[in-house]
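Here's the structure we're looking at; comments come further down.
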Amino acid sequence: MGIKKRVKVLGLQLCRGLGLFYLVRESSWRSRRLLILAYHGFSLLDEHLWYPELFLSAGEFESRLALLAAGGYKVLPLTAALAKLYEGTLPEKSVVITIDDGNYDFYVKAFPLLQTCGFPATVYLTTYYCDYGLPLFNHICSYMLWKCRGRVIPASGLTDSISELDLRRPETRLGAYQSLLLFAEQKQLSVTGKDELARRLAGVLSLDYDELVRLRLLQRMNPAEVASIASAGIDVQLHTHRHRTPSEWSLFKREIEENRSRILGMTERNPSHFCYPSGVYQPEFLPWLTEMGIVSATTCVPGLASRSINSLLLPRILDGTDVSSIEFESWISGLSSYIRREALIHAAN
């Protein structure tokens with residue numbers, strides 16, 4: 001933990017000791033606001049160490065759910081929560097749980113925990129990889145390079161432009177990773193072509209790629225699994241077909257329409273809520289989403305949602321291993337959002 005992080009944690013511990021967490025959590029200010037939590041992945045192996053901003057271990061997620069239960073938070077379905085938010089009838093301490101992408105690790109790690117707690121959740125599903133049963137190319141390459149960190153590895157036969165992989169530092173690993181992505185783009189590799197390249201990378205790194213595939217590491221849920229969670233009450237919503245938001249209207253519309261068609265086919269429910277991939281959005285997206293019947297869209301902008309916020313620009317709190325338990329508590333109570341709001345008001349004045 002860096003110095004800045006330690007100072008922040010100490011400050012939050014002081015705030016909790018002074019009773020500020022409780023005061024904000026029980027306030028009318030917090031009762032008028034909705035917290036939307038965002039998750040991405042739940043470790044099958046050690047993904048939370050590789051990418052702590054996006055992954056949690058199952059044990060850490062279970063602890064988060066326990067904090068929500070112990071604090072008396074009302075975990076609501078997304079559609080109902082938004083209706084109550086804009087009607088002004090939110091229950092006190094309202095929370096929505098969302099999960100981006102729809103990875104297999106959600107199905108085997110987080111979904112059972114949510115069922116045990118009786119908490120509803122929304123999965124924003126990217127559908128393109130659902131039919132392939134293969135690891136996501138970008139993620140699996142990054143993960144495998146991280147697994148072999150600290151070394152320089154000869155890479156003969158990997159590509160026609162990479163002779164060795166310098167994995168000694170984060171910046172050199174990033175360079176190796178970007179070289180792989182550039183090669184795949186230049187060669188216009190298909191999904192299977194990218195998978196063959198990932199398999200060659202595993203061979204160069206002396207990693208067991210078949211085992212990673214067998215474990216379904218960094219894979220999407222398949223259609224049967226999506227149907228299963230939907231039938232059990234998980235709300236499956238839009239996240240684009242290929243996890244991208246083109247700036248051209250026709251391409252943007254195609255992404256949503258393909259995504260919607262695939263989700264409808266798997267769940268027999270027509271999705272109308274959306275999450276911007278990687279939190280990226282532009283002003284012109286809002287009328288496009290409205291035209292396609294999208295009633296809400298979530299961002300990665302941190303904060304709590306109030307009635308005054310545009311329903312197509314909803315803030316969320318991104319939770320991961322890099323968020324300490326006390327930081328998580330400060331967000332669900334509303335304290336961090338309140339402090340952030342006051343800081344912005346002070347800066348504006």
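The values are calculated or read from the model by the stated rules, or taken from the named source; none is laboratory data. Small disclaimer: the values here were computed from a predicted structure and weren't measured. All Cβ positions, even for glycine, are placed from backbone atoms using ideal geometry, and neighbour counts span all protein chains on display.
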Next on the checklist: Among the residues of region 267-285, are any more than 27 Å from VAL75 (Cα to Cα) and of a type in the set (Gly, Ala, Ser)?
Outcome noted: no
Checklist entry - Is there a residue being surrounded by 19 or more Cβ atoms within 10 Å (Cβ to Cβ), in contact with a His (Cβ under 9 Å, 6 or more places away or on another chain), within 14 Å of ASP101 (Cα to Cα) and not hydrophobic (A, V, I, L, M, F, W, C) anywhere in region 241-249? => result no
Next on the checklist: Looking at region 198-241 only, could you name the residues that are closer than 26 Å to ALA80 by Cα and among the charged types (D, E, K, R)?
Outcome noted: GLU225, ASP235
Item to check | Selected residue [aromatic (Phe, Trp, Tyr), outside any helix (DSSP H, G or I), touching a residue at least 24 places away in the same chain (Cβ under 8 Å) and closer than 28 Å to GLU185 by Cα] from TYR124, TYR143 | outcome: TYR124
Checklist entry - What pairs come up if the first residue lies in region 3-16 and is on the phi > 0 side of the Ramachandran plot and in the same structural domain as GLY334 (by TED's automatic domain parsing), the second is among the small types (Gly, Ala, Ser) and assigned to a helix (DSSP H, G or I), and their beta carbons are under 9 Å apart, counting only those six or more places apart or on different chains? => result none
Checklist entry - What about ALA69, is it of a type in the set (Gly, Ala, Ser), surrounded by fewer than 20 Cβ atoms within 10 Å (Cβ to Cβ) and in a helix (DSSP H, G or I)? => result yes
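Just to confirm my filter: which helices (runs of 4 or more DSSP H) fall fully inside region 253-349 and include at least 2 residues that are touching a Lys or Arg at 6+ places or on another chain (Cβ under 7 Å)?
Result: 325-333.
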Item to check | region 146-167 - residue that is surrounded by 15 or more Cβ atoms within 10 Å (Cβ to Cβ) and touching an Asp or Glu at 6+ places or on another chain (Cβ under 7 Å) and, of those, nearest to LEU45 (Cα to Cα) | outcome: ILE153
Checklist outcome for this item: Considering region 78-105, residues that are part of a strand (DSSP E or B) and among the hydroxyl-bearing types (Ser, Thr, Tyr), and then whichever is nearest to SER337 (Cα to Cα), we arrive at SER94
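Out of region 72-94, which residues are of a type in the set (A, V, I, L, M) and surrounded by 20 or more Cβ atoms within 10 Å (Cβ to Cβ)?
Across region 72-94, the qualifying residues are VAL75, LEU76, LEU78, ALA81, LEU82, LEU85, LEU90.
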Checklist entry - Within region 7-62, how many residues turn out to be part of a helix (DSSP H, G or I), within 30 Å of ALA80 (Cα to Cα) and aromatic (Phe, Trp, Tyr)? => result 4
Item to check | Residues (in contact with a helix residue (DSSP H, G or I) (Cβ under 7 Å, 6 or more places away or on another chain), hydrophobic (A, V, I, L, M, F, W, C) and without any contact (Cβ under 8 Å) to a residue 60 or more places away in the chain) located in region 21-62 | outcome: ALA58, PHE61
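Considering each of VAL236, VAL226 in turn, give the residue that is in a strand (DSSP E or B) and surrounded by 21 or more Cβ atoms within 10 Å (Cβ to Cβ). Quick ask: steps written out before the conclusion?
Working: VAL226 fails: in a strand (DSSP E or B).
The conditions single out VAL236.
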Next on the checklist: Looking only at region 296-326, filter to residues that are surrounded by fewer than 16 Cβ atoms within 10 Å (Cβ to Cβ) and more than 16 Å from the chain's Cα centre (by Cα); which one of those is farthest from SER94 (Cα to Cα)?
Outcome noted: SER324
